[in-house]
Each structure stands twice: as structure tokens, then as C-alpha cells.
Amino acid sequence: MEPGVLIIVALAVASAAATIAAVRRGRSLDRALATIQRLLTADAERERVVADRSADDAALHETVDAGFVRVDGSLHIRDANGLAHAMLAHQPGGLVGRSIMEAFLDPTVERLARHAIDSGSASGEIRSAGADGPVLAIRARRLSDGDVWLVLDDVSELRRLQRIRAEFIDNLSHELRTPLTTVSLLAETLEREAEAVGDAIPAKMRDRIAKIEVETGHLVQMVNELLDLSRIEGGGTVQLSDGVDMSNLAAESAERLRLFAERQGVTLRIDTRPGLPRVRGDAARLGQVVVNLVHNAVKFSPDGGEITISTDADDADVVTSVEDHGIGIPRAARDRVFERFYKVDRARLRAEAGGGTGLGLAIARHVVEQHDGRIWVESEEGVGSTFSFALPIQDGGDPGRSG
């Protein structure tokens, strides 16, 4: 082949190779540009989703009938909805950047926020804007990024109605106590005089006098428990003190009902463990819980039955239990036994043990909950029931030692 031809062929091959390389570079560039475009589109989509979610959250916070305040780790407000501004008497946007103390003027809210940061959640109540301001229920919850949401509810009207109800029950109870006390004393006098006269009084009349005394006692019990429940629900009756020994308290409280149990043919067995960790609470109220549970167990125990009062502890709680071997509770009634005025079928009660007000277990539940505890029942019809309540162990409390 002629040298000139070879040169032409070589140039053609080189040109083709360069063209192919250029095409390849162009395709790579196109692919790179397409990848960048996809990433930019994805970023834009993510930003749009975040913006839409933020807008949805903001719309939700403005729609829900509650105030929302977002607080950072330094306890300064990052965000708040319109209702929160209105509740705290601030112009829209005026809360952002303020500290909790500046916004609420109450150290309680700061304590709630710190507790939520440490443990995840907290709740409490304050009166905003002085003694005549609204009552705000505050729920604090920690977020995944360390911020805290404060949810504010205006419960002023609810607390006003509760106060009216409590005052009504208090006044009614005091008005009823005087005539009931008089009737009770008259019934006791009649019974003593009937016993003194002996057979001169017919047996049927003596039975009726005894019935008056029993029923009057039930009315007095109902009035007392109504007043008690009203005061407990109103809060402020629980005086917490350190170092309550539930083993001793349960044993002493159960002993108060031993005579009553023996009259019903029921044996009390106390199996409390000494040296358990102490709890922080109101000893009188907690003793009332034990008395109510034991009294309830006696009413539903058969002649010759046995009731066991026991205490134990785990890593977090001290548990007190009252176990009977009575008729048990129907499954449908177990979720309702702690409701006010709820009673199981009267036919299931021991006739000689008398009826009840339906308030004893409700009082027990309220007292336990005021101590940040929980109460429950395990039961099987025809086998018996075990009522238990757990109270948190006193912080830093050592077994067998008062705080």
C-alpha cells in the first residue's frame, strides 16, 4: 500500500477513535448530569415533604383546641401556636425566644420540662396570670431531638364545676350527719331499753329496732364515704411523708377489722414481709385503702373462709395484696369494680355482712393514683379474688429505714 494511503487510513482510524471517545465522554457526562438532576429533584422533593409536614403540623396545632409550646434543651421557646399565646396573654409570636420562666412566670412549668427531659414525660397544673387567671393543665413530653412539647389545656371551668360539686356534697353531708347521728343514738337507746325489758318486748319489735340501727349505720357510712371521696377527688387531702412502712401499715390496718371478720366467721391471715423498702405517702390514706380492701373481701367470703393480707417488693414498687377465697367476680364486672357506686349482684353478698355504698373501691383507686401507684384485681368465679396495689419505692430509700 502506498505511504500516502497508509497515512490517510491512520488518520481515519485516529479520528474514529477520538470520535468514539468523545461520544463516550458525552454519554458519561450525560449520565452524570442525569444523576445530579435526580439528586436535585430528590432533594427538592424532600424539602417539599418537610415543608408540607411542617405546614400540616402548624395547621394541626392551630386547629386543635389546646395550646402547644415547643421548648429546647436550654428551656427556651422555639415555637408556639396561637392558642398558647392567647392563654399566656402574649401577642402572636411574642413567646418565641423567651425562657419558660419569662413566658409562664411559674417555676412549676420549668420543673415539668426538666422532668420530661430526664424521664420522657410529666404533667401538672398552674394558675396563669395570677390568682384570678385561668387554670392550665400542662402535659410535657420529650421529643426524639431532645426538645419538649408542652401541651396546655384550659381546665378553669372543669375545676369550677368540681369545686361546686365538692361544696354541694360537703354541705349536704354536714346537713345529713346531725339527724343521722340523732337517729343512730335513738336506735341504740331503744335497743338497750328493749334488752333491759326482756321478754316484755316482742322479738319481732326487737328485730325491727336492730334493723333501724343497722340501716342507720349504712346511711352514716354512705355520707362519710361520699364526703371522703369528694375531698379525695378534689385533691389536696394527701399529705405525703417519707418512710412509710407498708408491711407494718398493712398489718395494723387489717387488725382493725379482725373482730368484724371473726363475727362473719372469716379468718384473717397476715403475711407481710418485714424490711421492705419504704414508700412516700399518706399513711392514714394508705391504711384506709387496706381497710377498704379487707372489708370488701370479708363481705364476699363464705363462713370459714380465710383472707390473706401480704406485702412484697420488686425493683420499682412495693405491692400490697388482699386475697380471699370467696365467690369471685364475674369477668364482665372486673373492669368496673373500681367505679363509683358500682356494685356486683346483691344476691352474691353475705346477708349478715350488710350491703355497701359502692364507694370503698373507688376511694381506694383514687388514693392509690394520688400516690402515683396502680391498683388491680385478679379473680376467678367460685375460686376467689386478689386485690393488689403497687406504690413506687421512695427514691434513695433503703430497706427497713425511714427516709
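Can you report the number of residues in segment 186-209 which are surrounded by fewer than 18 Cβ atoms within 10 Å (Cβ to Cβ) and closer than 28 Å to Q288 by Cβ? Final tally of qualifying residues: 1. Looking only at segment 174-195, decide whether some residue is in contact with a strand residue (DSSP E or B) (Cβ under 6 Å, 6 or more places away or on another chain) and of a type in the set (D, E, K, R). Within segment 174-195 (the criterion being in contact with a strand residue (DSSP E or B) (Cβ under 6 Å, 6 or more places away or on another chain) and of a type in the set (D, E, K, R)), the answer is no, since none of the residues qualifies.
Return yes or no: is D315 farther than 27 Å from G358 by Cβ, open to solvent by 50 Å² or more (accessible area, probe 1.4 Å) and at pLDDT 90 or above? No, not satisfied. Among the residues of segment 102-120, the one identified as polar (S, T, N, Q) and within 19 Å of A84 (Cα to Cα) is T108.
All of R111, R78, R46 fail the test of being modelled with pLDDT under 90 and surrounded by fewer than 15 Cβ atoms within 10 Å (Cβ to Cβ), apart from R46. In segment 220-231, the residues that are within 14 Å of L361 (Cβ to Cβ) form Cβ pairs under 8 Å with partners that are among the basic types (K, R), at six or more places apart or across chains, as follows: L229/R340.
Residue count for segment 243-283 under the criterion of being hydrophobic (A, V, I, L, M, F, W, C), under 27 Å from D303 (Cα atoms) and out of contact with any Phe, Trp or Tyr (no Cβ under 9 Å at 6 or more places or on another chain): the result is 10. Every test in (1) at pLDDT below 90; (2) part of a strand (DSSP E or B) is passed by I309 save one, and that test is (1). In segment 360-378, the qualifying residues are those that are over 14 Å from the mean Cα position of the chain (by Cα) and open to solvent by 10 Å² or more (accessible area, probe 1.4 Å), and the one that is modelled with the lowest pLDDT is G360.
No other residue among G93, G133, G97, G124 is assigned to a loop (DSSP other than H, G, I, E, B), open to solvent by less than 80 Å² (accessible area, probe 1.4 Å), in contact with a helix residue (DSSP H, G or I) (Cβ under 8 Å, 6 or more places away or on another chain) and not acidic (D, E) apart from G93. Taken together, the criteria place E193 among residues that are part of a helix (DSSP H, G or I), of a type outside the set (S, T, Y) and over 19 Å from I77 (Cβ atoms). Checking E175, E213 one by one, the residue that is open to solvent by 80 Å² or more (accessible area, probe 1.4 Å), part of a helix (DSSP H, G or I) and modelled with pLDDT of 75 or more is E175 and no other. The number of residues in segment 378-396 that are touching a strand residue (DSSP E or B) at 6+ places or on another chain (Cβ under 7 Å) and within 16 Å of K299 (Cα to Cα) comes to 5. Can you name every residue in segment 324-343 that is open to solvent by 70 Å² or more (accessible area, probe 1.4 Å) and closer than 27 Å to D271 by Cα? Matches in segment 324-343: H325 only. When segment 158-171 is filtered for residues that are within 15 Å of M222 (Cα to Cα) and either among the β-branched types (V, I, T) or modelled with pLDDT under 80 (or both), the ones remaining, listed by number, are I169, D170. The residue that is farthest from I100 (Cα to Cα), counting only those in segment 136-192 that are among the basic types (K, R) and more than 29 Å from the chain's Cα centre (by Cα), is R192.
The values are calculated or read from the model by the stated rules, or taken from the named source; none is laboratory data. Being a predicted model, the structure only gives us computed values, none of them experimental. Because the Cβ atoms are built from the backbone with ideal geometry, glycine has one as well, and the counts that use them run over all protein chains shown. When the accessible area is computed, the model is the full protein with side chains, heavy atoms only, and any ligands, DNA or RNA have been set aside. Shrake-Rupley method; radii C 1.70, N 1.55, O 1.52, S 1.80 Å.
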